[in-house]
Amino acid sequence: MHAFIEDTKTYIPYFNGNRELPEDEQVVVTFKVPDIQLKRRLKPRPKLKFNYDTEGNTTGGETEVTSDRTAVVSGMLVSIRNLSYENKRGIHRIQKAIELFTGPTQYEPLVDELYEEFSKELDRAVDEKN
């Protein structure tokens, strides 16, 4: 069986009223469609901790799930279009993850939004018809 599968997708963030802007001014993010290796590397895995009594019987436990938003955004983001800021050193275009993470804190909500969107993509079930 042969199927064509996209390897990138685009996303238009809600950040800062972006979706209300004219189309040619909107921030547009291109990101990787996760393959098996990327999904295994970025998707958080639960850590299970069990408590035992002196006789070795389980007395309870806990599950801990942690995720690194920097790793998820950096691992999936391909490019950003129409995002920049200006300071006393001039105009700075943000086109890659490293530029986003070294940008001003005003972009923190955008990072959070991208993390949420990329996490959904990592969780998305594969269409079983393919």
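Grab the Cα-Cα distance for residue 12 and residue 85, subtract it from 0.36 nm times how many residues apart they are, and report the gain in nm with one decimal.
24.5 nm
Using R₀ = 41 Å, calculate the FRET efficiency as 1/(1 + (r/R₀)^6) where r is the Cβ-Cβ separation of residue 108 and residue 5; round to 0.05.
0.80
Would you pull out the residues with amide H under 5 Å of residue 33's amide H, same chain only if 5 or more places away, H placed 1.01 Å from N?
Correct list: 8, 9.
Testing the spin-label approximation: label points 7 Å from Cα along Cα→Cβ at residue 98 and residue 74. State their distance in nm.
Between residue 98 and residue 74, the label points sit 1.0 nm apart.
Quick one: which residues, 5 or more positions from residue 84 or on another chain, have an amide H under 5 Å from its amide H? H modelled 1.01 Å from N in the peptide plane, none for Pro or chain starts.
Under 5 Å from the amide H of residue 84 lie the amide H atoms of 94, each far enough along the sequence or on another chain.
Readers should treat all values here as calculations from the given coordinates under stated rules, not as data from a laboratory. Keep in mind that what you see is a predicted model, and the values were worked out from it rather than measured. A quick note on method: Cβ atoms are made from the backbone with ideal geometry, for glycine too, and the neighbour counts reach across all protein chains shown.
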